[in-house]
1. Between helix 144-155 and the chain, what is the angle of the helix's C-alpha long axis to the longest principal axis, kept within 0 to 90° and rounded to the nearest 10?
2. Could you name the lysines whose alpha carbon sits less than 24 Å from that of K153, not counting residues in the same chain fewer than 8 places away?
3. For the chain, set up a Gaussian network in which alpha carbons nearer than 10 Å are linked by springs, and say which option among M149, M43, M11 fluctuates the most.
4. Once the dipole of the chain is set up with Lys and Arg at +1 and Asp and Glu at -1 on Cβ about the Cα centre, which of V101, V3, S70 lies farthest towards its positive end?
5. Could you compute the FRET efficiency for A128 and A7, with r as their C-beta to C-beta distance and R0 at 35 Å, rounded to 0.05?
6. I need the phi-derived Karplus couplings for the stretch 188-199: 6.51 cos²θ - 1.76 cosθ + 1.60, θ = phi - 60°, integer Hz, Gly and Pro marked x.
7. In the set (1) 30.2, 113; (2) 17.9, 64; (3) 18.9, 66, which value of Rg and Dmax of the Cα atoms in Å was calculated from the structure you see?
8. Provide the solvent-accessible area of R126, counting protein heavy atoms only and rolling a 1.4 Å probe, rounded to the nearest 10 Å².
Amino acid sequence: ALVLMLAPAIMSRRTSVSAERRAAGRTIRLAIPFFALSGLAFMLIENAAFLNLTLFVGGPLYSLAIVLPSILIGYAFGSLLTDRYLVHSKRGLWIVLGLFVVGMPLYALTARYGLPLLIGKSWSLRAAVAVLTTLPLGALLGVPVPWTMHALKASDSRSLAWMWAVSSAFNVIGSMSFVPICYALGRNQTLTLAAAVYVAAIGWAGFVRMKLSTRARTSS
């Protein structure tokens, strides 16, 4: 996954292009850490959410059936709202950071202290609560990537496929590393680590967006 992720960067260095294109390529490559970190953190959070619900809904099969569609549906809505309301906002960076600083602790507190209070209720109620807990989490995770993708699309739309490949590569790495990380740190600490990685990735994305904006103004 890492080799395939880096292959476009290696190939672009061997291709004879103009100085302007080389400068654009360097700016685009600055986005790689964001997509790597967010791809890694996404899978850590998704797997932590799966563990959070396993006992609550009665087993891993039910948890998987709830977490996967809820995360993806929430992600889709988060991406849609981001595209409509955040990508053009001058305060977008602070809004995205604020959403994570507030949203992730709220999810963690709900999972740790709220869900156990309902453990004796009917399965239907617990399943509904599990969905309502996971959907906002998915929506939150769906904010940073389209917010960053929009800036890349305006600068060089051809780089989008590459950045999706970077994110997917680190999805794989995040899935493989979840078990040893969770074993070493514990579920709640793993969730905290993933949230911190997301915050760092968003901060880096803000820097990349600033660079892309500066380059766009200079070239125009």
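The values are calculated or read from the model by the stated rules, or taken from the named source; none is laboratory data. None of the values given here were measured: they were computed from a predicted structure. Every residue, glycine among them, receives a Cβ derived from its backbone with ideal geometry; neighbour counts consider all protein chains shown. SASA here: full protein model, heavy atoms, side chains in, ligands and nucleic acids out. Shrake-Rupley method; radii C 1.70, N 1.55, O 1.52, S 1.80 Å.
1. Here the helix axis deviates by roughly 20 degrees.
2. Straight-line reach from K153, under 24 Å: K90, K211.
3. Fluctuation is largest for M11.
4. Of the listed residues, the answer is V3.
5. Efficiency for this residue pair is about 0.20.
6. With coefficients 6.51, -1.76 and 1.60, one gets 5, 5, 5, 5, 5, 4, 4, 4, 5, 5, 4, 4 Hz.
7. (3)
8. Accessible area of R126: about 30 Å².
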